[in-house]
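One structure below.
The values are calculated or read from the model by the stated rules, or taken from the named source; none is laboratory data. It should be emphasised that the depicted structure is a prediction, and the values quoted were computed from it without experimental measurement. Virtual Cβ from ideal backbone geometry, glycine too; neighbours counted across all protein chains shown. Only protein heavy atoms, including side chains, enter the accessible area calculation; ligands, DNA and RNA are left aside. Shrake-Rupley method; radii C 1.70, N 1.55, O 1.52, S 1.80 Å.
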Amino acid sequence: MFMGAFVALGLSLFAPTSTSVFAERNEHTDKKPSFEFGLTTDIQYCDCDAAGVRYYRNSISKLQEATAELNQHDLKFTVQMGDMIDRNVDSFNTILPYFNKIEGTKYIPNPNV
């Protein structure tokens, strides 16, 4: 876990300063990517009070922002990479309608695998 924190920190230090979640075209070529896809991860929705740096209820507005951006692109698919909810399986009833506003094919990994 400690090593993972270093990797995440290292990646964040070298990440571009742009707020865009999409990769820019390679400046050394005019080739367009074969396809584009979207990623969402760690939505962590829960109808519960904030704890430390986690503001669970803000997940809805953040997902709405991400959805607006994703829907501006011709994506082949979007993958939800995990932790859509933080706890309480009933939270899916609240967050899934927002997630389903992402246009196109969506994949959610099977948590039982």
Practice problem: Determine which lysines satisfy two conditions relative to LYS32: a Cα distance under 20 Å, and not lying fewer than 8 residues away in the same chain. | Solution: LYS76
Quiz item: GluC sites (Glu not before Pro), restricted to the stretch 29-108: which are DSSP loop and have at most 13 other Cβ atoms within 10 Å?
Solution: none
Quiz item: Given a 1.4 Å probe and the protein chains all in place, what does the accessible area of ARG87 round to, in Å² to the nearest 10?
Solution: 110
Exercise. Heavy atoms only, probe 1.4 angstrom, no DNA, RNA or ligands counted: give me ILE102, ILE60, ILE108 ranked by accessible area, highest first.
Key: ILE108, ILE60, ILE102
Exercise. Might you work out the accessible area of THR94 for me, using a 1.4 Å probe with all protein chains in place, and round it to the nearest 10 Å²?
Key: 50
